[in-house]
Protein chains: 2
Amino acid sequence: MAEMNRRLLLAARPTGMVDASIVRQDEVAVPEPGAGQALVRVQFLSIDPTIRTWMDDAPGYLPPIGIGEVIRGAGIGEVVASTSDRYAVGDMVFGMVGWQDYALAGEGQGARQVLPAGVEPALALNLFGVNGMTAYFGLLDVGQLRQGDTVVVSGAAGATGSAVGQVARLKGAAKVVGLAGTDEKCRWIVDELGFDEAINYKTEPIGRRLRQACPNGIDLYFDNVGGEILDICLGQIALRGRVVLCGAISTYNEAGRPAGPGNYRALIGRRGRMEGFIILDYADRFPEAQAAMFGWLAEGKLHHAEHVVQGLASAPDALNLLFTGGNTGKVIVAL
Amino acid sequence: MAEMNRRLLLAARPTGMVDASIVRQDEVAVPEPGAGQALVRVQFLSIDPTIRTWMDDAPGYLPPIGIGEVIRGAGIGEVVASTSDRYAVGDMVFGMVGWQDYALAGEGQGARQVLPAGVEPALALNLFGVNGMTAYFGLLDVGQLRQGDTVVVSGAAGATGSAVGQVARLKGAAKVVGLAGTDEKCRWIVDELGFDEAINYKTEPIGRRLRQACPNGIDLYFDNVGGEILDICLGQIALRGRVVLCGAISTYNEAGRPAGPGNYRALIGRRGRMEGFIILDYADRFPEAQAAMFGWLAEGKLHHAEHVVQGLASAPDALNLLFTGGNTGKVIVAL
């Protein structure tokens, strides 16, 4: 084969935001699928904050990406050759393909899901993918969303946050408040997605605005950001309130250990709960959530947006968008 | 009546430890029980860390004690006069009697529980009282203790902590580790109470000793102290570990907002949970826990200690014992 496999390798561990110095691009021969394997040409990369955490040399729910290894990340590609019964040429598959043009599927490789025909890749990566699943199980299973709850979500114009707010309303929340970083995003989540209120956390006084928006306190706070916003929401948690710990993007680029939420003590007097989760644990139940998502989409009750960036080499900059707030909706790299 | 009711009133809000300047003693006429009321002569005061939190002008699960009001606190007394069907002269009753010689029971007063005959007041205030109940429901209901759990408890030589470690073993924990502040306390919880290990948090390296004692991580951490120990335990939480937030005595005397636990992020990757509770919510279920306590006591499987201080005027110093670690077991003031 004349065609080569371009790969982005982790060259060094970042301090702060990623830049060109932590990535090295190489080109190697396209891998040959062995027995029971398929070759996948990667078409779309899913850009997720968790990738940044894998670049640190710190214990986590997955091992750190090794120096010199292909940068780990989910994505979608098309099967272009196969010796496996499970994958036919032309199938679209989802999995941890990595930041490269070609990946293998099948024997000895990680989990790969064949997409049902008719599901657009953008949707598969967003509402039907990790973000939609995270919103659904984070709210309903971890957060135990109840009828009439006042729900607050940070990172509300991101892929997960925008799904959280909408699913919360569809599942009976009385009020949904989102925090986002631009007035345009705030308008989008209220006007297009149906949030009750939006707070621009960069320009508005967060604590005061939350007290106005949630006069009886916050029943469920879905935390994507950590830091000061988590602390403020803990301080305003309602009796038997729940904090769903999904991520902490405000801290992923910090060196050293981030400050903790001093208001955690409110959990005692208000009988509150703060709980973390990893969506991979729910893989067996994805079909349940995907069916719900499909129904709401068909009824026109669920909206989504994708922010598509072109070209493998753009992946590091695409990752930074999540931390600078340069995106609305799901960030995807199209190869 | 010639006899007077001595009362300790809150004269000023403390900063840090309490001292004579924040308390004012007065003497007023002994109250006359009205219709449906009883007069209780207070015999024992229950000295609990939460009393310190009520002295601050901060929102909590109960309103702050007002300046000039009798200092709020639980205790036990004997009914010496009664116009109520519910209380007979000679009954021993438990409730929020306050720091004074006489309190009323019945109509218009707070909840008062008549003690069953034969239950010693010291036991009623300790294992059958708030401390034992807190240990039982904190471990089993909030903490969802499981067979084989590795359990860590701070304040382990205190009234609640010493019950936590023992109940954890009796309910199937595989290993129980306690943190206490003197070698003598450490010996007591291991030699007398049956803890597997004790760590002197004032002289030993806490993080390293916990990693040795809990090589597979901490399944359940029962937190009485907050601060650095909470943070270290969060950093060593096991997969699906639980942190039971009972109190934060290391912070109650701090001015301003205490630092938060920076390691809370471990709850995400390890799918952990941190939850607070207030034992008053479990009052309906106290008999269930008291029956269990009684059974273990009768079998000689449960041990307790009381630290009794004499005289109403000693109550502020008795409260400080909880923060200086001057007590082993339950602190009680005998009037």
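The values are calculated or read from the model by the stated rules, or taken from the named source; none is laboratory data. This is a predicted model, so every value here is computed, not measured. Here the Cβ is made from the backbone with ideal geometry for all residues, glycine too, and neighbour counts use every protein chain on show. For accessibility, only protein heavy atoms count, side chains too; no ligands or nucleic acids. Shrake-Rupley method; radii C 1.70, N 1.55, O 1.52, S 1.80 Å.
Rolling a 1.4 Å probe over the protein heavy atoms leaves B:T160 with an accessible area of roughly 20 Å². Comment: the Cα-to-Cβ extended label point of A:R240, at 7 Å, lies 2.4 nm from its counterparts in the other copies, nearest first. Checking every one of the GluC sites (Glu not before Pro) in the range A:226-313 against DSSP loop status and a limit of 15 other Cβ atoms within 10 Å picks out A:E254, A:E299. The range A:243-294 and the range B:248-269 have Cα centres spaced 17 Å apart.
Here the chain A residue lying nearest the rotation axis onto B, judged by its C-beta and given with the distance in whole angstrom, is A:G260, 2. Rolling a 1.4 Å probe over the protein heavy atoms leaves B:C214 with an accessible area of roughly 10 Å². A:K171 sits among other residues whose Cβ lies under 11 Å from its own Cβ, and their net charge, with Lys and Arg +1 and Asp and Glu -1, is +1.
Taking label points 7 Å from Cα along the Cα-to-Cβ direction, B:V80 and B:E107 give a separation of 2.2 nm.
With a Förster radius of 35 Å applied to the C-beta separation of A:V114 and A:W296, the computed FRET efficiency comes to 0.90. Is the range B:1-138 best put as rounded, prolate or oblate by its Cα gyration tensor, with a ≥ b ≥ c the root eigenvalues, rounded for a/c under 1.5, and otherwise prolate when a/b is larger than b/c, oblate when not? Note, shape of the range B:1-138 comes out oblate.
Each Cα pair under 8 Å and six or more residues apart adds its sequence gap; the mean of these over the residue count of chain A is a relative contact order of 17 percent.
For a test of the definition: using alpha carbon positions, the gyration tensor, and the 1.5 limit on a/c, classify the protein assembly as shown as rounded, prolate or oblate. Judged from the Cα gyration tensor, the protein assembly as shown comes out prolate (a/c at least 1.5, a/b above b/c).
Evaluated with a Cβ-only charge set (Lys, Arg +1; Asp, Glu -1), the range B:182-335 carries a dipole of roughly 680 debye about its Cα centre, given to the nearest 20.
Net charge of the neighbourhood of B:G68, taken over other residues with C-beta under 10 Å away and scored Lys/Arg +1, Asp/Glu -1, is -1. Computed from Cα positions, the angle between helix A:286-298 and the longest principal axis of chain A comes to roughly 70 degrees.
Phi angles across the range A:245-257 convert, under the Karplus curve 6.51 cos²θ - 1.76 cosθ + 1.60 with θ = phi - 60°, into 3J(HN,Hα) values of 8, 9, x, 8, 4, 5, 10, 5, 9, 7, 7, x, 8 Hz, Gly and Pro given as x. Across A:L234, A:L62, the residue with the most accessible area heads the list, and the full order at a 1.4 Å probe is A:L62, A:L234. The C-alpha atoms of chain A define a longest principal axis, and helix A:315-324 lies at about 0 degrees to it.
Give the angle, between 0 and 90 degrees and rounded to the nearest 10, that separates the Cα long axis of helix A:159-170 from the longest principal axis of the Cα atoms of chain A. Taking Cα atoms only, the helix is inclined about 50 degrees.
Annotation: for a label point projected 7 angstrom from Cα along Cα→Cβ of A:A88, residues of the range A:100-140 with backbone N closer than 12 Å are A:117. Extending 7 Å from Cα along the Cβ direction at A:D281 and again at A:T203 yields two label points whose distance is 3.9 nm. Checking the a/c ratio against 1.5 first, then a/b against b/c, what shape does the Cα gyration tensor give for chain A? Taking the square roots of the gyration eigenvalues as a ≥ b ≥ c, chain A is prolate. Largest to smallest in accessible area, the residues B:S21, B:S84 fall in the order B:S21, B:S84 (1.4 Å probe, all protein chains included).
Placing a label point 7 Å from Cα along the Cα-to-Cβ direction at B:A298 gives distances to the equivalent points in the other copies of 6.1 nm, listed shortest first. Our summary gives the range A:29-160 a relative contact order of 24 percent, counting only alpha carbon pairs under 8 angstrom and 6 or more residues apart. With Cα atoms defining each centre, the range A:36-89 and the range A:113-176 are spaced 23 Å apart in the structure. Heavy-atom accessible area buried between chains A and B is around 2700 Å² (1.4 Å probe, both sides summed). Can you give the relative contact order of the range A:189-335 as a percent, counting alpha carbon pairs under 8 Å and 6+ residues apart? Across the range A:189-335, relative contact order equals 17 percent.
Accessible area of A:D19 (1.4 Å probe, protein heavy atoms only, ligands and nucleic acids ignored): about 80 Å². Of all beta bridges DSSP finds with both residues in the protein assembly as shown, what is the antiparallel percent, to the nearest 5? Taking every DSSP beta bridge with both residues in the protein assembly as shown, the antiparallel ones total about 55 percent. Inter-copy label distances at A:G207, shortest first and taken from points set 7 Å along Cα to Cβ: 3.0 nm.
By the Stokes-Einstein formula, at 1.567 mPa s and 4 °C, the range A:61-183 with its Kirkwood radius over alpha-carbon pairs has D equal to 78 µm²/s.
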